[in-house]
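Structure first, commentary second.
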Amino acid sequence: MPLLPAEVSQYASKLTGFKHVPFNDINAVLAAINKNTVAVMLEPIQGEAGVIAADQAFLRQLREMTKKQDLLLIVDEVQTGMGRTGQLFAHQHAGIQADVMTLGKGLGGGFPLSALLVTDQVACFDLGDQGGTYNGNPLASAVGLAVLTELTRPGFMDAVNEKSQQLRHALETLQQQDRYGLIKSVRGQGLLQAICFHRPIAKALVKRAFEAGLLINAAQADVIRFMQSLLVTEDEIKLMADIMLQQVLNR
């Protein structure tokens, strides 16, 4: 999906050479490839664009195409990784493995931490090659290890998927009970969900929610994003839905 002008200036890579193509369109990707192409990079779910998920078939086509053309497949899992979608990494839902993956946010469980992961086949660094002032911080590394230990504990992801179903049901119920017909659709995956509206009213509703004691986020002018903690409880989801219905949507 092409970025809006404001997003291009705010989020676009500072590196030259990137071509943006329509999301979920394998033919557009193929048309953009030339002899200078070395990789294809994408988010499995475009968070800032409004929680737009890549089709599983599209991800599999990308993986097949990049292998055939000897290109790297790079996935940005900063927002979608670390259990957010019900799998450890979102692209795993499609049954594929990327060559390069970026991680952050959830990797540190609130502590500043990011990582670049690569397969053995494409790794260009030996141990100790990539040094720097902010690299390899022992405390951050210990935090990340603790997060991974918890996420891979038996039953943890089962609980995340259960809460994901509860969140989706709560948002779909809001759409059914929306007195003024504001909600157009509900979309997303796992604990990364969104409500889409018929009109650009998201920021106004975010303000209403804040006044009612609820912190939510307008990913786009017509989209509110919901990214609950992986430890969210059923009661907390119900409380959120009650506030959204009574004090935000139907006020």
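Computed values, structure above
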{"read-out": "Distance histogram in 5 Å bins (all Cα pairs of segment 156-249, percent per bin)", "value": "3, 15, 27, 28, 18, 7, 3, 0"}
{"read-out": "Nearby aspartates and glutamates by direct alpha-carbon distance to residue 67 (threshold 14 angstrom, same-chain neighbours under 8 apart not counted)", "value": "99"}
{"read-out": "Ascending count of other beta-carbon atoms within 10 Å, so fewest first, for 168, 60", "value": "60, 168"}
{"read-out": "Principal axis dimensions, the chain - Cα atoms, whole angstrom, descending", "value": "57, 43, 33"}
{"read-out": "Crossing angle, helix 138-151 versus the chain [Cα axis fit, 0-90 degrees, rounded to tens]", "value": "60 degrees"}
{"read-out": "Sorted by Cβ density within 10 Å, fewest first, the residues 124, 196", "value": "124, 196"}
{"read-out": "DSSP bridge pairs, the chain: antiparallel proportion in percent, nearest 5", "value": "75 percent"}
{"read-out": "Nearest-20 debye value, segment 84-233 charge dipole, Cβ charges on Lys, Arg, Asp, Glu", "value": "880 debye"}
{"read-out": "Positive-pole candidate from 210, 237, 170, dipole of the chain, charges at beta carbon", "value": "210"}
{"read-out": "Cut-off 12 Å between beta-carbons: net charge of the residues surrounding residue 172, Lys and Arg +1, Asp and Glu -1", "value": "+1"}
{"read-out": "At R0 = 22 Å, FRET efficiency that the Cβ-Cβ distance of residue 199 and residue 57 yields, to 0.05", "value": "0.10"}
{"read-out": "Rounded to the nearest 20 debye, dipole of the chain from Cβ charges on Lys, Arg, Asp, Glu", "value": "700 debye"}
{"read-out": "Using θ = phi - 60° and Karplus 6.51 cos²θ - 1.76 cosθ + 1.60, couplings along segment 106-120 (whole Hz; Gly, Pro as x)", "value": "x, 4, x, x, x, 8, x, 7, 9, 7, 10, 10, 9, 7, 4"}
{"read-out": "When each of 105/163; 19/207; 19/184; 14/203 is checked by Cα-Cα distance, pairs over 24 Å", "value": "19/207; 19/184; 14/203"}
{"read-out": "Among 79, 193, 155 - extreme Cα towards positive end, dipole of the chain, charges at beta-carbon", "value": "193"}
{"read-out": "Spin-label pair residue 173/residue 20, simplified geometry with 7 Å Cα→Cβ offset, distance in nm", "value": "3.8 nm"}
{"read-out": "3J(HN,Hα) from dihedral phi, segment 201-211, Karplus parametrisation 6.51/-1.76/1.60, rounded to Hz, x for glycine, proline", "value": "10, 4, 5, 5, 6, 4, 5, 4, 4, 4, 5"}
{"read-out": "Dipole-positive endmost among 37, 137, 56 within segment 1-156 (Cβ charges, Cα centre)", "value": "56"}
{"read-out": "Added length on full extension, which subtracts the Cα-Cα distance from 0.36 nm per residue, residue 70 to residue 229", "value": "53.4 nm"}
{"read-out": "Size of segment 5-151 as Cα extents on the principal axes (Å, biggest first)", "value": "45, 34, 32"}
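Taken together, the values in this text are just the output of simple stated rules run on the coordinates, not laboratory data. Predicted model, so just to flag it, every value in this text is computed and none were measured. As a convention, Cβ positions derive from the backbone with ideal geometry for all residues, glycine included, and neighbour counts pool all protein chains shown.
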